[in-house]
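Q: Would you mind keeping the following structure in view while I ask a few things?
The values are calculated or read from the model by the stated rules, or taken from the named source; none is laboratory data. Computed from a predicted structure; not experimentally measured. Cβ placement follows ideal geometry from the backbone for every residue including glycine, while neighbour counts extend to all protein chains displayed.
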Amino acid sequence: EKAAFNSPFLAACIQENWNTFKGSRKKATFVWDERLVDIVMHPGQKWMEGIHTIYTPMIWNDSHWVGLAINLDMGYVEILDPMPALYADKRVERFMLGLVTTLPYLVKKVAMCELTQFSGLKKFVWKRVPGLYQNTRSCDCGPVSMKFLEMHAHGDPIHHMESLTDKAVDDIR
């Protein structure tokens, strides 16, 4: 309800535009990539109008997939990481910096969120959700991340995500 799934392109495009955005002197007037604008303004899935939560996968370091549940109203990103021991929080902060810094500007300028609880241009906050299934095998982080996103979107409690098994992951894959 009031949620949308997006392809990995969303996070990738934001990361791709991060250096240009970071160097911009007038961030409020930054000219956004038309492909991003199309995602935000997609008919029937316009952010902040009909959509308040975005579910999208994100790849870190070109090798590890995580799921992101982005609450646009609250400026909060839940990271569903199937292998949290792989990267320390300091490294995750670097992976997430472009996304959590630019999202408020994208939402404010493109989505026109005046009638919402949107918190303004404050950087979004992120947190890795603890207690999830730990993927100890390589090559499963993508399918597991997508399963986490599906479960999160259906309101499944964390203990359901924790109770996944290697057998279930084989079936998912």
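Q: Conditions: (1) surrounded by fewer than 17 Cβ atoms within 10 Å (Cβ to Cβ); (2) at pLDDT 90 or above; (3) hydrophobic (A, V, I, L, M, F, W, C); (4) out of contact with any strand residue (DSSP E or B) (no Cβ under 6 Å at 6 or more places or on another chain). MET74 meets all but one. Number of the miss?
A: (2)
Q: Just to be sure, is LEU68 of a type in the set (A, V, I, L, M, F, W, C), touching a Leu at 6+ places or on another chain (Cβ under 9 Å) and not in a strand (DSSP E or B)? Don't jump to the end; show me each part of the working.
A: Numbers: of a type in the set (A, V, I, L, M, F, W, C): yes; touching a Leu at 6+ places or on another chain (Cβ under 9 Å): yes; not in a strand (DSSP E or B): no.
Answer is no for this residue.
Q: Step by step: first the residues of segment 102-126, then only those that are closer than 10 Å to MET48 by Cβ and in contact with a strand residue (DSSP E or B) (Cβ under 7 Å, 6 or more places away or on another chain), then the one that is modelled with the lowest pLDDT. Which residue is that?
A: ALA111
Q: Can you go through LYS127, LYS122 and tell me which one is outside any helix (DSSP H, G or I) and within 14 Å of the chain's Cα centre (by Cα)?
A: Checking each option against the conditions leaves just LYS127.
Let's see how each residue does on (1) within 24 Å of GLY155 (Cα to Cα); (2) out of contact with any Lys or Arg (no Cβ under 7 Å at 6 or more places or on another chain):
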| position | (1), (2) |
| --- | --- |
| GLU1 | yes, yes |
| ASN6 | yes, yes |
| GLU16 | no, yes |
| ARG35 | no, yes |
| THR53 | yes, no |
| SER63 | no, yes |
| GLY75 | yes, no |
| ILE79 | yes, no |
| ALA85 | no, yes |
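Q: So, of the residues in segment 11-42 that are among the polar types (S, T, N, Q), in a helix (DSSP H, G or I) and more than 15 Å from the chain's Cα centre (by Cα), which turns out to be farthest from GLY98 (Cα to Cα)? Lay out the reasoning, then the answer.
A: Our first condition is that a residue be among the polar types (S, T, N, Q); within segment 11-42, this holds for 15, 17, 19-20, 24, 29.
Subset that is in a helix (DSSP H, G or I): 15, 17, 19-20, 29.
Pick out the ones that are also more than 15 Å from the chain's Cα centre (by Cα) and you get 17, 19-20, 29.
Values: ASN17: 8, ASN19: 8, THR20: 11, THR29: 17 Å.
Among them, the one singled out is THR29.
Q: Then there is this: Answer yes if at least one residue in segment 114-123 is loosely packed, with under 12 Cβ neighbours inside 10 Å, within 26 Å of TRP32 (Cβ to Cβ) and among the aliphatic types (A, V, I, L, M), and no otherwise.
A: Yes; the residues of segment 114-123 include at least one that is loosely packed, with under 12 Cβ neighbours inside 10 Å, within 26 Å of TRP32 (Cβ to Cβ) and among the aliphatic types (A, V, I, L, M).
Q: Hey, among PHE95, PHE148, which residue is assigned to a helix (DSSP H, G or I), within 27 Å of GLU16 (Cβ to Cβ) and in contact (Cβ under 8 Å) with a residue 40 or more places away in the chain?
A: PHE148
Q: On the basis of being closer than 23 Å to ARG91 by Cβ and among the hydrophobic types (A, V, I, L, M, F, W, C), does ALA28 make the cut?
A: No.
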